[in-house]
1. With every protein chain present, what accessible area does S54 have (1.4 Å probe, heavy atoms only), rounded to the nearest 10 Å²?
2. Which whole-Hz couplings ³J(HN,Hα) result when phi for each residue of segment 108-115 is put into the Karplus expression 6.51 cos²θ - 1.76 cosθ + 1.60, θ = phi - 60°, listed in order with x for Gly and Pro?
3. Modelling each spin label as a point 7 Å along the Cα-to-Cβ direction, I'd like the S52/S102 distance in nm, to one decimal.
4. Counting only heavy atoms of protein chains, what accessible area per residue, in Å², does the chain have with a probe of 1.4 Å?
5. Counting only protein heavy atoms and a 1.4 Å probe, tell me what percentage of the chain's accessible area is made up of carbon and sulfur.
6. Could you compute the FRET efficiency for R19 and S115, with r as their C-beta to C-beta distance and R0 at 22 Å, rounded to 0.05?
7. Name the aspartates and glutamates eligible as straight-distance cross-link partners of K64: C-alpha to C-alpha under 16 Å, and not fewer than 8 places from it in the same chain.
8. Just to check, using Stokes-Einstein with a Kirkwood Rh over alpha carbon pairs, what's the diffusion coefficient of segment 1-51 at 4 °C and 1.567 mPa s in µm²/s?
Amino acid sequence: QVQLVESGVGLVQPGGSLRLSCVASGIRFSISDMGWYRQALGKERELVAIISSSAETDYSDSVKGRSTISRDNAKNTVYLQMNSLKPEDTAVYYCTASPWGSRTYWGQGTQVTVSS
């Protein structure tokens, strides 16, 4: 059974930072592309960042330059570090896993609220 469990600080002040974590189980993590998506209230889900099994990364324009996605294959964990947070970063953040040759799996999501 595949499980993706996201965690991280839920409430952050504007200008602050946070690190989200996602622990994966039930997949071959080392050969999986991993990603973070988010969905704000009333908006469509959007890609935030992805990291391939070979650690190549890509970011949406909205977070590029202030976010870093990384992975620790020994811990089956992917991270998303976000800095200079803005109120518009408020959303539910989802972790995804795309093992090679398989479907994409989604976590249940974790709420991030950027507010003073």
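1. 80
2. 7, x, 9, 7, 10, 10, 10, 7
3. Rounded to a tenth, the inter-label distance reads 2.0 nm.
4. Heavy-atom SASA per residue in the chain reads 55 Å².
5. The value for the chain is 46 percent carbon and sulfur by accessible area.
6. E between R19 and S115, to the nearest 0.05, is 0.75.
7. Partners within reach: E46, E56, E88, D89.
8. Result for D is 99 µm²/s.
The values are calculated or read from the model by the stated rules, or taken from the named source; none is laboratory data. Keep in mind that what you see is a predicted model, and the values were worked out from it rather than measured. Glycine also receives a Cβ, built like all others from the backbone with ideal geometry; neighbour counts cover every protein chain displayed. Quick note on the areas: whole protein, heavy atoms, side chains included, nothing else; ligands and nucleic acids left out. Shrake-Rupley method; radii C 1.70, N 1.55, O 1.52, S 1.80 Å.
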